[in-house]
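Colleague: Here you go, one structure.
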Amino acid sequence: MNWESPAAFFAMGGYGFYVWGSFGVCALLMIVEPIMANRRRKDILRSLRRERLAETLDTQ
Amino acid sequence: MSNNKIINWFKYASPQSFYPVAGRMIPWFWGLAAIFFVVGLYISFFVAPTDFQQGEGYRIIFIHVPAAWMSMFIYLVMAFWAGLGLALNTRLSSMMAQALAPTGAIMAFLSLWTGAWWGKPMWGAWWVWDARLTSALILFFLYIGFIALQAAIDDARRADKAGAILALVGVVNVPIIYFSVKWWNTLHQGASVSLTKAPSMATTMLWGMLIMALAFWMYSIAVALTRVRAIILEREAHTEWVKELPEVKQ
Amino acid sequence: MLTATALSCVRGERRLFAGLDLAVGPGEWLHVQGENGAGKTSLLRILAGLSPAAEGEVFWQGEPIKVLAEGYRRQLLFLGHHGAVKEELTPLENLTLAAQLDGTALEEMAALKALARFGLRGREDLNVRFLSAGQKRRVLLARLAVRKATLWILDEPFTALDVKAVEMLSGLIVEHVTNGGIAILTSHQAIPLPNGKVLKVGT
Amino acid sequence: MLTATALSCVRGERRLFAGLDLAVGPGEWLHVQGENGAGKTSLLRILAGLSPAAEGEVFWQGEPIKVLAEGYRRQLLFLGHHGAVKEELTPLENLTLAAQLDGTALEEMAALKALARFGLRGREDLNVRFLSAGQKRRVLLARLAVRKATLWILDEPFTALDVKAVEMLSGLIVEHVTNGGIAILTSHQAIPLPNGKVLKVGT
Amino acid sequence: MNAVMAIIRRDLLLAMRRKSEVLTALFFFIIVVSLFPLGIGPETALLRKIAPGILWVAALLATMLGLARLFAPDHADGTLEQMVLAPAPLGLLVTGKIIAHWITTGLPLVLLAPVLGIQFDLDTGALGILVVALLLGTPLLSLIGAIGAALTLGLRGGGVLLSLLVLPLYVPALIFGAGAVEAHISGLGAGGHLSLLAALLALAVFFAPWATTAALRIALE
Amino acid sequence: MNAVMAIIRRDLLLAMRRKSEVLTALFFFIIVVSLFPLGIGPETALLRKIAPGILWVAALLATMLGLARLFAPDHADGTLEQMVLAPAPLGLLVTGKIIAHWITTGLPLVLLAPVLGIQFDLDTGALGILVVALLLGTPLLSLIGAIGAALTLGLRGGGVLLSLLVLPLYVPALIFGAGAVEAHISGLGAGGHLSLLAALLALAVFFAPWATTAALRIALE
Ligand code: HEM
Ligand SMILES: Nc1ncnc2c1ncn2[C@@H]1O[C@H](COP(=O)(O)OP(=O)(O)OP(=O)(O)O)[C@@H](O)[C@H]1O
Ligand SMILES: Nc1ncnc2c1ncn2[C@@H]1O[C@H](COP(=O)(O)OP(=O)(O)OP(=O)(O)O)[C@@H](O)[C@H]1O
Ligand SMILES: [Mg+2]
Ligand SMILES: [Mg+2]
């Protein structure tokens, strides 16, 4: 165990700004990217469903 | 027997059968990624000792190096799939290449970003025109070029083929660029810190980096598979099998 | 003899035509008809080997055109919507350069004659950019009088032409066909040509 | 009432026409005829105020159009050889944007109706670059159904249109004219329109 | 005013549709800037010295690259004719197009410049001056560029001719723009340069749309 | 071989007809090079130091500027279709076009570069190396550029996209080209750089026409 207190952990020996700056952006991108990828699939699925609905309406 | 295998292979090479397979694989890769991330981050922050030269700042290495490795590795894989798609006209492999590009670009960006945020405390500058940094930057441009080219072409088949040519030309060029930059740099290089001369890494650090690299790898596979599923749906939107999918019918 | 079997063409998610067969032999000409957007241009481009068919195959003298490649292209003259006419060059230069591209030398006299035949006397040395819409088309069509090719594929050759030019072009096509050539063309206008086969594209 | 007196047009060293007079009043339409290169397009551009005449003057309701400027342009709809249609946009967007440029708002419903009238049902959201030659022209012509203008100047409006579209367009023109509009157009094809004035350009 | 907004919205829509167009002007800027260290060598002190000049020249080239497409597509497909024939005065419509051009090419450059400045090791103060100078300078570039674009419209080899016409006119913007940053770095105030830049901009705002309109009319005759 | 000559002659004729095109690529080169002293300031020692880099970057940008027009006009007016349908193999015709492009844009730069080099106070030896490096490098730029031009053919915003694709690939040419001159100036031999440049050129001669042809076929489908 390297850290005496949570505060020491966040301070990162004076390098907190840089360490969290890089880990933060990394985490952010790695959260946003999958969400965007999933959203892309959701969007196309939604439009497919809408199309299907329109088709069933057409045939009625 | 071997005949059977070929048939199987082709079966999974069609978007239709790959779509559900990918769907089933994604959670596994997420699971693996999560495990490796937890272990890797634990080692990065709690096991790996403080570096006697760089203090705690060096912990950036645990994401910096995996991101840099992945950015290069993904480019190779992407070019491989794109080339396969061009040669054999297999739609799925082209889709795979297209799905990998944004992830690769993000990895390249992360290696630049984390490097810059490392460089500031270590070298006192966000950026120096070092060979490795510069070639990472150019790699990022190559990704962006690939993505922009495909985005600019409306016809999916044409986008695949044009992208493949670009990716292949890029593969030939990446080593050329790398060595030219290296040579350019070493001829002039002044005082900036040389990475290769860094003190040999402690084994825990090495382990941490390797496990984090595995985590990045699993993560990339999971995202790329998610994205390729979206691409399959977009491209095959008009086909019967897509219309018959449970997700669509519900 | 140009034949095609079970051609189909897909654009976007739209199937323009499917299961289309055709056969045109020496001395015959084919009028491809259909509404706007039916797929006539798409068909002609497939026949010329410019774009691949979604399904089906095109044959020239019984061989797939993909296999023949250069052998097919030597026999073919394709004129599309676009002129392949350079605005910065004069009609005479345009004609000469087109011939060079085809790998044949064209004497100045022959070129001048062809241009005169298409009513461009006095415009031989004027940059094409200054010509009227119809005159630009005429420059393009002058290639018909100059190039030796068995198979003509012409997309809307009659657009922008006045009555006299339409007659002249028809005459040229008739001459070509009676000499054993083949012509495939589209046109929305009624055309004064006898005995054509007709192919309807689209539903 | 559009009148012009003693118009002449010079291109290069060539005098295309000279001393040309014309007068078209409400409820009339004018068919400008002439061979390829006679100067029809040049005339229409002069009438629209796009290029100046070498001599002579064009009047709208008795006033020179140069003086009227905006007042004339509000009444005018000019469709030339070029489509003014953006390939990157859909037919619907093209129509809406053209209306905005004219300073009028166009409701989506009205735009969709106009497009449907020109047989573009199902293509409203497809980029124009994918449309066939005739469909591109139809997008352009849909403006006729949408824009309120007294004077229509149309250069070769029938090119690339199939039979059905030609009929529809003729119907639209007849409607416009019988409602007191004015139409001036060129066409090499025979057009199914009654009672037109004819103006021959060129020698 | 309505017409101006309509034109701006239309051009932005077109830019979005051509997606790549906005992004790539930006990337051109980035890439050109990055080429210089490759050509010159990696010495930080040297690079810091030439940074303002390089950033400005790159901004100038990036703006210029898109200029050829300011009126050309509208000319080719007849939209420009329709704009001349539209009821709204052509001058207004042209102003709208210039504003849209700046939003799609100039503004992104302004926003990105500080990041590139960091690569050349500029300090925060210099970065601030750089942004202000670009904020005044890029609209100027768009305005002057529009005149050139209109003058070369439809000419053979227009794109290259355009740069020939426009680059000399860009020189004052370049001198005062890069000069402002350099003056700051060398401890002199940047104020004088910046106010000259602002004066040029004011001049161009009044003058350029008018000249552009006149040039367009000539091109269309 | 005949077909190649015919294409070259045709493209040169067109270039002459559009007169401005050849001259303006050259003028662009001159102007870009002259902009730098304006942006950076007049110190001779500094300018001499950055001269090879600036000359090379300018040459690179000047080459790139004309690239968009390498295939685009032929594509727009249907000539490219006719080239695909011509009896001669497309690869040969493409090679002809690339050669013509080099003659009209690369060669003039090579000839003019020494004059500009003098302005930056380079000595005779350095000027010689500069010319040799450009002589090897500019064909390389044309060859690589042709691939990019073919890939972006007919795309929206193609011109800017093209530069995005091509500039990163130009990096080795830039490094070895500018490096040769710098190496000479700093007393190291330029031989290594030049032979690497020649090797790259040889690679490109074999590879680029093939890739370009493939890209063109895709664009035309
Ligand atoms: C923007 C700045 C930076 C970029 C783009 C960058 C890029 C890269 C790349 C591409 C690699 C992988 C190279 C390979 O495995 O061959 C790498 C590895 C590495 N980087 Fe960075 N880097 C940057 C800044 C830094 C800084 C500031 C440091 C430390 C002071 C650093 C330390 C390392 C180390 C130790 C490795 C692993 C070396 C090895 O595995 O051989 N980097 N970096
Ligand atoms: N991506 C796409 N999605 C849907 N439809 C498309 C797409 N691309 C092209 N099309 C359609 O394909 C058809 C192409 O037709 P083509 O140009 O062959 O018509 P044509 O018969 O030559 O018509 P014309 O008489 O107008 O010249 C058009 O109906 C067009 O709308
Ligand atoms: N610089 C020039 N020198 C000589 N003649 C010229 C010049 N510029 C244009 N012309 C001629 O002017 C005429 C322009 O005609 P215009 O385009 O008005 O014809 P049009 O009647 O519309 O013909 P079309 O039916 O073919 O559309 C053409 O005959 C052209 O050759
Ligand atoms: Mg057609
Ligand atoms: Mg005309």
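The values are calculated or read from the model by the stated rules, or taken from the named source; none is laboratory data. Bear in mind that the values here come from a model prediction, so they are computed numbers and not experimental data. We place every Cβ from the backbone using ideal geometry, glycine too, and count neighbours over all the protein chains shown.
Colleague: Please report, ordered by residue number, the helices (runs of 4 or more DSSP H) entirely within the stretch F:58-171 with at least 1 residues that are within 30 Å of F:Pro42 (Cβ to Cβ).
Modeller: The qualifying helices (runs of 4 or more DSSP H) are F:107-119, F:124-151.
Colleague: Follow-up question, since we're still on this one. Does B:Ser135 count as within 14 Å of chain E (Cβ to nearest Cβ), under 23 Å from B:Ile176 (Cα atoms) and within 16 Å of ligand 1 (Cβ to nearest atom)?
Modeller: So B:Ser135 passes the test.
Colleague: Let me ask you something else. Which ones in the stretch C:156-175 are within 16 Å of ligand 4 (Cβ to nearest atom) and either touching a helix residue (DSSP H, G or I) at 6+ places or on another chain (Cβ under 6 Å) or in contact (Cβ under 8 Å) with a residue 40 or more places away in the chain (or both)?
Modeller: Hits for the stretch C:156-175 are C:Glu156, C:Pro157, C:Phe158, C:Ala160.
Colleague: Okay, next question. Looking at (1) touching a helix residue (DSSP H, G or I) at 6+ places or on another chain (Cβ under 8 Å); (2) away from ligand 3 (no atom under 16 Å from the Cβ); (3) within 9 Å of another protein chain (Cβ to nearest Cβ), which one does C:Asp102 not meet, given that it meets all the others?
Modeller: With (1) touching a helix residue (DSSP H, G or I) at 6+ places or on another chain (Cβ under 8 Å); (2) away from ligand 3 (no atom under 16 Å from the Cβ); (3) within 9 Å of another protein chain (Cβ to nearest Cβ) applied to C:Asp102, the lone miss is (1).
Colleague: Taking into account only those residues within the stretch D:146-171 that are under 11 Å from the mean Cα position of the chain (by Cα) and within 16 Å of ligand 3 (Cβ to nearest atom), which is nearest to the other protein chains (Cβ to nearest Cβ)?
Modeller: Among them, the one singled out is D:Glu156.
Colleague: So, in the stretch E:38-59, how many residues would count as being within 23 Å of the chain's Cα centre (by Cα) and not aliphatic (A, V, I, L, M)?
Modeller: Of all residues in the stretch E:38-59, those within 23 Å of the chain's Cα centre (by Cα) come to E:50-59.
Filter again for not aliphatic (A, V, I, L, M), leaving E:52-53, E:56.
Within the stretch E:38-59, residues that are within 23 Å of the chain's Cα centre (by Cα) and not aliphatic (A, V, I, L, M) number 3.
Colleague: Oh, and also: Got a sec? Which of D:Ala54, D:Ala38 is surrounded by 14 or more Cβ atoms within 10 Å (Cβ to Cβ), within 11 Å of another protein chain (Cβ to nearest Cβ) and either within 16 Å of ligand 4 (Cβ to nearest atom) or modelled with pLDDT of 90 or more (or both)?
Modeller: Numbers: D:Ala54 fails: within 11 Å of another protein chain (Cβ to nearest Cβ).
After ruling out the rest, the residue left standing is D:Ala38.
Colleague: Give the residue, chosen from E:Leu167, E:Leu188, E:Leu200, E:Leu194, that is crowded, with 19+ Cβ neighbours inside 10 Å and at pLDDT below 90.
Modeller: E:Leu167
Colleague: Scan the strands (runs of 3 or more DSSP E) fully inside the stretch D:36-154 and keep the ones with 2 or more residues being touching a residue at least 40 places away in the same chain (Cβ under 8 Å) and of a type in the set (D, E, K, R).
Modeller: In the stretch D:36-154, the matching strands (runs of 3 or more DSSP E) lie at D:55-60.
Colleague: Now for a separate question. When you scan the stretch B:18-27, do you find a residue that is more than 12 Å from every other protein chain (Cβ to nearest Cβ), without any contact (Cβ under 8 Å) to a residue 60 or more places away in the chain, among the β-branched types (Val, Ile, Thr) and farther than 30 Å from F:Ala214 by Cβ, even just one?
Modeller: yes
Colleague: Please tell me if B:Ala162 is farther than 19 Å from F:Leu200 by Cα and either at pLDDT 80 or above or facing chain F (nearest Cβ under 7 Å) (or both).
Modeller: Against the criterion (farther than 19 Å from F:Leu200 by Cα and either at pLDDT 80 or above or facing chain F (nearest Cβ under 7 Å) (or both)), B:Ala162 qualifies.
Colleague: Checking the structure you have, find out if any residue of the stretch D:129-145 is within 16 Å of ligand 5 (Cβ to nearest atom) and closer than 22 Å to C:Leu161 by Cβ.
Modeller: Just the residues of the stretch D:129-145 that are within 16 Å of ligand 5 (Cβ to nearest atom), to begin with: D:137, D:140.
When the remaining residues are screened for being closer than 22 Å to C:Leu161 by Cβ, the result is D:137, D:140.
For the stretch D:129-145, residues within 16 Å of ligand 5 (Cβ to nearest atom) and closer than 22 Å to C:Leu161 by Cβ: present.
Colleague: Only one residue in C:Phe130, C:Phe118 is surrounded by fewer than 21 Cβ atoms within 10 Å (Cβ to Cβ), under 30 Å from D:Arg15 (Cβ atoms) and away from ligand 4 (no atom under 16 Å from the Cβ), so which one is that?
Modeller: Just one listed residue meets the conditions, C:Phe130.
Colleague: Would you check if there is a residue in the stretch D:178-185 being in contact (Cβ under 8 Å) with a residue 60 or more places away in the chain, among the β-branched types (Val, Ile, Thr) and either within 16 Å of ligand 3 (Cβ to nearest atom) or in contact with a Pro (Cβ under 9 Å, 6 or more places away or on another chain) (or both)?
Modeller: Checked against the condition, which is being in contact (Cβ under 8 Å) with a residue 60 or more places away in the chain, among the β-branched types (Val, Ile, Thr) and either within 16 Å of ligand 3 (Cβ to nearest atom) or in contact with a Pro (Cβ under 9 Å, 6 or more places away or on another chain) (or both), the stretch D:178-185 yields at least one hit.
Colleague: Of the conditions (1) assigned to a helix (DSSP H, G or I); (2) more than 8 Å from chain E (Cβ to nearest Cβ), F:Pro42 clears all except one; give me its number.
Modeller: (1)
Colleague: Conditions: (1) surrounded by fewer than 17 Cβ atoms within 10 Å (Cβ to Cβ); (2) under 18 Å from C:Leu131 (Cα atoms). D:Pro26 meets all but one. Number of the miss?
Modeller: (2)
Colleague: Can I ask one more? I'd like to verify a number: residues in the stretch D:51-84 that are in contact with a Gly (Cβ under 9 Å, 6 or more places away or on another chain), of a type in the set (Gly, Ala, Ser), away from ligand 2 (no atom under 16 Å from the Cβ) and on the phi < 0 side of the Ramachandran plot, how many?
Modeller: Residues meeting the conditions: 1.
Colleague: Return the residues of the stretch E:76-95 that are at the interface with chain D (Cβ under 9 Å from one of its Cβ atoms) and touching a helix residue (DSSP H, G or I) at 6+ places or on another chain (Cβ under 8 Å); say none if nothing qualifies. Write out each step before concluding.
Modeller: Pass one, the stretch E:76-95, residues at the interface with chain D (Cβ under 9 Å from one of its Cβ atoms): E:76-89, E:93.
E:Thr79, E:Leu80, E:Glu81, E:Gln82, E:Met83, E:Val84, E:Leu85, E:Ala86, E:Pro87, E:Ala88, E:Pro89, E:Leu93, listed by residue number.
Colleague: Which numbered condition in (1) under 30 Å from B:Met122 (Cβ atoms); (2) more than 9 Å from every other protein chain (Cβ to nearest Cβ); (3) part of a helix (DSSP H, G or I); (4) at pLDDT below 90 is the only one that A:Ala54 fails?
Modeller: (1)
Colleague: Report, by residue number, each residue of the stretch C:11-37 that is within 14 Å of ligand 2 (Cβ to nearest atom), among the aliphatic types (A, V, I, L, M) and touching a helix residue (DSSP H, G or I) at 6+ places or on another chain (Cβ under 9 Å).
Modeller: Across the stretch C:11-37, the qualifying residues are C:Leu16, C:Leu20, C:Val32.
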